[in-house]
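Down below is the structure, laid out as structure tokens.
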Amino acid sequence: MRKNCSSMLTVILLALISTSGVIAQSAGFKGLILSVEVTSLTSHAPILIIGDASFTAANGVVSGSGTAGEPYIIEGWDINASSAGPAGIVVCNTTRHFVIRDVFVHDGGSSIPGILFWNVTNGQVLETKVTKSNPAVALALSSGNKISNNTITSMISGGSGVMLVLSSSNIVSGNTLTDIYAGIWLLGWFTGIEGWGASSNTISGNTLTNNQIGVVLSNATSNTVSNNTVTYSSAGIWLVSANSSQVSRNTITWLGFGSPWGIVMRNSTSNKIYHNNFINGSALLLSLPNEWDDGYPSGGNFWSDYTGTDLNGDGIGDTPYTIDANNQDRYPLIFPVVWDYSSPVPIVWQEKIYRVALSSNSSISAFKFNQQQKQISFNVTGSTGTVGYCNITIPKNLLSGSPWVILIDDVAAGFTQTENDTHTTLSFTYTHSTKTVQITGTTVVPEFLSTIIILPVFMLLSLLGVVSAKKKRFGASTR
Ligand SMILES: [Ca+2]
């Protein structure tokens, strides 16, 4: 394939033109007024880096040598893209390691991208803000790049946030994308033809709000869409000729009017969609078969319009959630799952499963449920002297307290308590080393068998990674 910067706009342009054709406009898109304030950046002309030799001070490189250990750093610039040629920042034809960070690119308008990679490997865009440019960040014919923790707003009619064209094995994570037509768009050309696909990309942990469509995969295979939060979009996730991808742990919520869709799938098959929360939005698809659950007891998705029962109280609906003749979630979840915390600890009690969610900055071990003592206990471990915290959410049909008693190393601990009809959340802190937490209630799931079955499921549940992955946002953010 010809990988030439001079023709780079062709693919981008074609992709943009196809926007309105592939995806129908629907009513209900509500614009937000956003203010963007970035201080302490230095004005810089648009940056054009073509080939390894162009990583120069004149092109905004402030340090580095282009190796993995010492990447070129491009940072601290305020770039008005309105006068740019191809984009506010263009990087083309390089495998050198580089990082674009803490940059503000703006005002490219409806046809000039903020940041554009063409035939690039080993590039990163981090903690950068892009607005009023289309797409905000575009990768074409590029692999092995990372687009993370950026703040992207568009306010351009039909605009896209992060767009990956004919690009594979990239990571798009932790970005905040607001008020854009398509938040994240992965576009292949003809799947199965080497160099023209879009595969093995990871779209994870992004916060997408008030976009027409949250995440789009088109002509793409074997991608991962996980842990994203999509709110106030007419379609949360849209798959068009997108196969063999995994869509899990996303929370898609519609808070407006009309008939929104949590997930739309057209001409797409062999995808696995599970452990998502679909709140006020269901699925629309043409009926190629896909997988909608992870088996029992792992379960499927939470669908807020599911009307089935859960008579045996295992947290899984007793009847499937049917989408169409070829597609059904066999094990719909009864409660939305807060995946921000960690995988809930499944407690198996007399062949029923109760899901306890834990959020902590400690490592958790020796998690146990003791029915006779009406108690959940576990150990918390962290660096000595640091403050640890734990939030635990317990199903009331497993254990409830009136009052609760929490002992930490046998000493009564203060805590805060919130609850809804079905669950109680208890929050408390402690000083680290390894300590034993015992949470005792007053009403416990009844015992029907003579023997007590206690199944501590996770020998060691490390939550540090989850908690430290909090998204970093600009101080003068757009919310
Ligand atoms: Ca059930």
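Structure notes:
- With respect to (1) within 16 Å of the ligand (Cβ to nearest atom); (2) polar (S, T, N, Q); (3) at pLDDT 90 or above, the lone exception for N243 is condition (1).
Rundown of residues vs (1) part of a loop (DSSP other than H, G, I, E, B); (2) on the phi > 0 side of the Ramachandran plot; (3) in contact with a strand residue (DSSP E or B) (Cβ under 6 Å, 6 or more places away or on another chain), yes/no style:
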{"position": "S43", "(1), (2), (3)": "no, no, yes"}
{"position": "E70", "(1), (2), (3)": "yes, no, no"}
{"position": "D78", "(1), (2), (3)": "no, no, yes"}
{"position": "N93", "(1), (2), (3)": "no, yes, yes"}
{"position": "V105", "(1), (2), (3)": "no, no, yes"}
{"position": "W118", "(1), (2), (3)": "no, no, yes"}
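- Test: residue in the range 364-383 that is basic (K, R), modelled with pLDDT of 90 or more and over 26 Å from G281 (Cα atoms): yes
- All positions within the range 125-146 that are closer than 12 Å to S168 by Cβ and assigned to a strand (DSSP E or B): L139, A140, S143
- Taking the criterion of being buried (at least 24 other Cβ atoms within 10 Å of the Cβ) and among the hydroxyl-bearing types (S, T, Y), the only residue of the range 140-149 that qualifies is S142.
- Assessment of the range 137-152 against the conditions (within 21 Å of I213 (Cα to Cα), of a type in the set (S, T, N, Q) and more than 19 Å from the chain's Cα centre (by Cα)) yields no matching residue.
- Of all positions in the range 313-330, none carries a residue that is at pLDDT below 75 and among the hydroxyl-bearing types (S, T, Y).
- Residues in the range 374-396 that are closer than 13 Å to I439 by Cα and among the small types (G, A, S): S377 only.
- Against the conditions (1) touching a helix residue (DSSP H, G or I) at 6+ places or on another chain (Cβ under 9 Å); (2) buried (at least 21 other Cβ atoms within 10 Å of the Cβ), G109 satisfies every one except (2).
- Note on the range 277-302: among residues that are under 22 Å from the mean Cα position of the chain (by Cα) and of a type in the set (S, T, Y), the one that is nearest to the ligand (Cβ to nearest atom) is S298.
- Within the option set D305, D318, being surrounded by fewer than 17 Cβ atoms within 10 Å (Cβ to Cβ), away from the ligand (no atom under 16 Å from the Cβ) and outside the structural domain of W349 (by TED's automatic domain parsing) holds for one residue only, D305.
- Residues satisfying the stated conditions in the range 271-295, i.e. assigned to a loop (DSSP other than H, G, I, E, B) and of a type in the set (F, W, Y): W292
- Residue within the range 331-352 that is at pLDDT 75 or above and away from the ligand (no atom under 16 Å from the Cβ) present: no
- The range 111-120, residues that are within 20 Å of S168 (Cβ to Cβ) and over 23 Å from the mean Cα position of the chain (by Cα): P113, W118, N119, V120
- Residues of the range 402-422 satisfying the condition of being under 34 Å from the mean Cα position of the chain (by Cα) and of a type in the set (G, A, S): G414
- When N327 is tested against (1) closer than 20 Å to P395 by Cβ; (2) more than 16 Å from the ligand (Cβ to nearest atom); (3) in contact (Cβ under 8 Å) with a residue 40 or more places away in the chain, exactly one condition is not met: (1).
- Contact annotation: residue pairs with Cβ atoms under 7 Å, 6 or more positions apart or on different chains, pairing a residue in the range 304-317 that is of a type in the set (F, W, Y) with a partner that is more than 6 Å from the ligand (Cβ to nearest atom) and assigned to a strand (DSSP E or B), are Y306/Y321.
- Screening I152, I180, I184 for residues that are in the same structural domain as S245 (by TED's automatic domain parsing), assigned to a loop (DSSP other than H, G, I, E, B) and buried (at least 24 other Cβ atoms within 10 Å of the Cβ) leaves exactly one candidate, I180.
The values are calculated or read from the model by the stated rules, or taken from the named source; none is laboratory data. Computed from a prediction, not measured in an experiment: that's the story for all the values here. Please note: Cβ atoms are built from the backbone with ideal geometry, for glycine as well, and neighbour counts cover all protein chains shown.
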